[in-house]
1. Within 10 Å of each candidate Cβ there may be at most 16 other Cβ atoms; applying that plus a DSSP loop requirement, which chymotrypsin sites (Phe, Trp or Tyr not before Pro) in region 52-104 survive?
2. Please calculate the 1.4 Å probe accessible area of Phe125, with all protein chains present, and give it to the nearest 10 Å².
3. Suppose only helical runs count, i.e. DSSP H with n ≥ 4. What mean residue ellipticity at 222 nm does that imply for the chain under -39500 (n - 2.57) per run, divided by all residues and rounded to the nearest 500 deg cm²/dmol?
4. Do the alpha carbons of any pairs in Lys123/Lys263; Lys146/Lys229; Lys201/Lys263; Lys242/Lys263 sit beyond 20 Å of each other, and which pairs?
5. Can you list which of the trypsin sites (Lys or Arg not before Pro) found in region 20-61 are DSSP loop residues with at most 15 other C-beta atoms within 10 Å?
6. Using Cα pairs under 8 angstrom and six or more residues apart, how large is the relative contact order of the chain, in percent?
7. Just reorder Val158, Val106 by solvent-accessible area, largest first, 1.4 Å probe, all chains present.
8. Which order do Lys123, Lys115 take when ranked by solvent-accessible area (1.4 Å probe, heavy atoms of all protein chains), largest first?
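The values are calculated or read from the model by the stated rules, or taken from the named source; none is laboratory data. Everything numeric here is computed off the predicted structure, so don't read it as measured data. Please note: Cβ atoms are built from the backbone with ideal geometry, for glycine as well, and neighbour counts cover all protein chains shown. Please note that ligands, DNA and RNA were not included when accessible areas were found on the heavy atoms of the full protein model with its side chains. Shrake-Rupley method; radii C 1.70, N 1.55, O 1.52, S 1.80 Å.
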Amino acid sequence: AKASGKARFELFNSEMYASALARLQLETDLRRAIERDEFRVYYQPIVSLASGSILGFEALLRWQHPERGLLNPTDFIPLAEETGLIVQIGYWVLYQACRQMQHWLVNHRNTSLEKISVNLSVKQFSQPDLIERIGQILNSTGLDAKNLVLEITESAIVENGQAIATLSQLQELGIELSIDDFGTGYSSLERLYNFPISVLKIDRSFINPISTDKRNLEIVEIIVSLAHKLGVNVTAEGVETKEQLTFLQNLNCEYAQGYFFSKPLDNLAAIELIRHC
Ligand code: C2E
Ligand code: CA
Ligand code: CA
Ligand code: CA
């Protein structure tokens, strides 16, 4: 009995050791990724449902890992959040996206392109120098604040005591604010009534099964109508089928994003799409 107890103990330890080692390796790689220029920004179109034209793009981070290939944010953003590296990475994404957007606006004047959306993490949102850093990025890239949308999750807003003040300062700069992943957190639309938010993004978990699940369908309907009563526009995420699109159009949902229109694209593919619209 003693021997098997010891064997179990050692097994447990070696597994923990292996996973701690893998984590440490990932963290070391993550720390070096910026200087080694391994991050990429992908762009997924956001479509205006009234006109069918591309309103803008959401900037989505990817990591071209030297051994593991192209990684999605879910593979490394949790660790980046935990270690605080997300702050530096987040500003890198914001800078790249603003610079790219300004380049597109200057070189392709006859398009419908208006907005670049960038995700802001919980950690970034609570940094004391947030407003200053964002101001610097707009200055150095030349992008007008009215072309920038910041996406902030409802939990980031609810967890931050200074949220209203920070959001108001961002709005005063002329930046548009969007609540991301709406429906997955614990806030209510009524509670968000006082926040200077202009767009609400319904999480794709509500959109994806709408053709089959009657309850999700009703939730989407309620969110859209409440948002409209509060004077807030709605973006539906994760639209994959024509059927979902028709449903959203019937609700007068303003914008949509999803594989039905396009997957996230690298900057060259994104510009090809703009030029053909
Ligand atoms: P998110 O902000 O909710 O972004 C939307 C995610 O849904 C993206 O995943 C996108 O590729 C995916 N998606 C879009 N349309 C469809 C669809 O029709 N079907 C399905 N199944 N998926 C769709 P992605 O790029 O893997 O990003 C995952 C999450 O990582 C993002 O969720 C966001 O929370 C986070 N993230 C990405 N880039 C950044 C960043 O620069 N900073 C921060 N802080 N977080 C980021
Ligand atoms: Ca987002
Ligand atoms: Ca989202
Ligand atoms: Ca999401």
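1. none
2. Phe125 has an accessible surface of roughly 0 Å² with all protein chains in place.
3. -15000 deg cm²/dmol
4. On the way: Lys123/Lys263 27 Å; Lys146/Lys229 24 Å; Lys201/Lys263 17 Å; Lys242/Lys263 15 Å.
In this structure, Lys123/Lys263; Lys146/Lys229 lie more than 20 Å apart at Cα.
5. Qualifying residues, ordered by number: Arg36.
6. It rounds to 18 percent for the chain.
7. Reading off the accessible areas and sorting them downward yields Val106, Val158.
8. Working: Lys123 75, Lys115 30 Å².
The ordering from most to least exposed comes out as Lys123, Lys115.
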